[in-house]
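Please read the structure below before turning to the comments.
The values are calculated or read from the model by the stated rules, or taken from the named source; none is laboratory data. For clarity, every value in this text was computed on a predicted model and none was experimentally measured. Positions of Cβ are backbone-derived with ideal geometry, glycine not excepted, and every protein chain shown enters the neighbour counts. When the accessible area is computed, the model is the full protein with side chains, heavy atoms only, and any ligands, DNA or RNA have been set aside. Shrake-Rupley method; radii C 1.70, N 1.55, O 1.52, S 1.80 Å.
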Amino acid sequence: MINIQIPQADISITERRQPKDSEEPTIKSIQGFIDLHEIPRDKGGIILFYNINDELLFVGKARKLRQRVKKHLEDTVSPLRNHRGEVYRIDVAIVEDAMDRDIYETYIINKLQAKYNVDKVFYK
């Protein structure tokens, strides 16, 4: 039997809207997230989207993490497009190997039963 450990999040960002009356310079928000710059631009890995109750909404993988997270938050074809308002926290685990990313994604989807993943689902 193969033993798979879910990788720990290297980066975790939460929704944080900047107050309108703030004296600080405005940072462009994408769906309420202003800390997307913390996600590496040139690293691959696994992305986990959670709601405010810590329920796993969606799991994805990417060769370039920041670009993929932005696509999920802005794109019209993302599986999250109708559920973006539910996303409160985004966890990112850096996993450079493409095969490992695919294995982790499938394992996490089924082990934690991600709510909006429809591909690679074996538990239904």
Exercise. Looking at region 72-112, which of its residues are within 18 Å of ALA9 (Cα to Cα) and in a loop (DSSP other than H, G, I, E, B)?
Worked result: VAL87, TYR88, VAL95, GLU96, ASP97, LEU112
Problem set entry | Test set (1) in a loop (DSSP other than H, G, I, E, B); (2) at pLDDT 95 or above; (3) among the small types (Gly, Ala, Ser) - SER22 fails condition number | (2)
Exercise. What pairs come up if the first residue lies in region 40-65 and is closer than 15 Å to ASP10 by Cβ, the second is hydrophobic (A, V, I, L, M, F, W, C) and assigned to a loop (DSSP other than H, G, I, E, B), and their beta carbons are under 6 Å apart, counting only those six or more places apart or on different chains?
Worked result: GLY45/VAL95; ILE46/VAL95; LEU65/ILE39
Exercise. Which one of these is among the basic types (Lys, Arg) and touching a Phe, Trp or Tyr at 6+ places or on another chain (Cβ under 8 Å): LYS61, LYS111?
Worked result: LYS61
Exercise. Do we find a residue being open to solvent by less than 20 Å² (accessible area, probe 1.4 Å), farther than 22 Å from VAL121 by Cα, modelled with pLDDT under 95 and in contact with a strand residue (DSSP E or B) (Cβ under 6 Å, 6 or more places away or on another chain) anywhere in region 37-49?
Worked result: yes
For this session: Would you check if GLU96 is open to solvent by 10 Å² or more (accessible area, probe 1.4 Å), in contact with a Gly (Cβ under 8 Å, 6 or more places away or on another chain) and of a type outside the set (Val, Ile, Thr)?
Result: yes
Problem set entry | Within region 50-71, considering residues that are in a strand (DSSP E or B) and open to solvent by less than 20 Å² (accessible area, probe 1.4 Å), the one nearest to GLU86 (Cα to Cα) | LEU57
